[in-house]
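Right, one structure below, let's go through it.
Read-outs throughout are calculated quantities, based only on the coordinates presented, and are distinct from any laboratory measurement. Because the structure is a prediction, the values reported are computed rather than measured. With ideal geometry, Cβ positions are generated from the backbone for all residues, glycine too; neighbour counts draw on all protein chains shown.
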Amino acid sequence: MRARHRPWTVRPGDAESLLAEARKALFVMVGFLAILWIIQLANAADHYQLTMNYGIRPHDVRSLPDIVVAPFLHVSWTHIESNSGPLFIFGFLAAYRGVVRFLGLTGLAILVSGFAAWLFGAANTIGVGASGVVFGYLGYILVRGFFDRRGIDILLGLVMALCFAYQFTVLLPHNGIGWQAHIGGLAAGLVGGWIFRDRTAADRSAAAADSTTTAQAAAGSTPAAAQATGAAVTGTHSGPRAELHRQLDGLGI
């Protein structure tokens, strides 16, 4: 049977790929944060009427479309400041492997975290903020390396988990904190690691492993095959049934 094990190694092209994609990821996250802060300026100037009108109201069917808008709104300058740092760091690390996958992950985190806030949030509250998306990026970073079989991404996930371990404390119920959205975002990021895994790299690794195994198997069977062929060529038959034996040999029987 062919072995399908793929080695967990740091590929030689990882460093070059990281540098090539880092600039794109940087521009994407700078643009993302610029949008958030521009909206915050308009929201604060209007005494946070955008937050009041477009925040998520749990269990209110009319508020379901607000799931898409709420991550771009905040309740204060302190709120957006506390989200901006982790959002930039985690977003950058989530985006440097590909902007298209990053956008898909962002959409998934927005929908799942927002729906979790709408479904499990306390009544008579309004939920806004990008923290659910932040946890979506964090969850993705934690598992991406395992799904893509990239050693550098596994290392990055471990470093981020250690450096930002305090972030996990807000996954527990707290008054005034949308922990439901945090848990929903984290779950979306973990699932997103599998949905948006690098299938091309995995297929190449599997094909290379299959080719190597097949070549080794062929090399191992060569002496036996040669011996069998030699026996068929050099073998002779005599007697009244010699012709029958030769015909059977020709048929491989």
Proximal charge balance of VAL69 [Cβ under 15 Å; K/R count +1, D/E count -1]: -1
Surface/4 estimate of mean projected area, convex hull on alpha-carbon atoms of segment 19-166, nm²: 9.2
Coarse-grained scattering of segment 32-117 at q = 0.21 Å⁻¹, given as base-10 log I(q)/I(0) from a Debye sum over alpha-carbon atoms: -1.09
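Could you sort 73-84, 173-184, 30-41, 158-169 so that the peptide with the highest average Cβ count within 10 Å comes first and the rest follow in order?
On the way: 73-84: 17.3, 173-184: 19.3, 30-41: 14.6, 158-169: 12.4.
Per-residue mean Cβ counts within 10 Å order the peptides as 173-184, 73-84, 30-41, 158-169.
Hey, how much of the P(r) for segment 103-165 falls beyond 18 Å, as a percent of Cα pairs? Could you put the intermediate results ahead of the total?
Working: 913 of 1953 pairs.
Roughly 47 percent, once rounded to a whole number.
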Alpha carbon centroid spacing (whole Å) that separates segment 32-75 from segment 128-173: 25
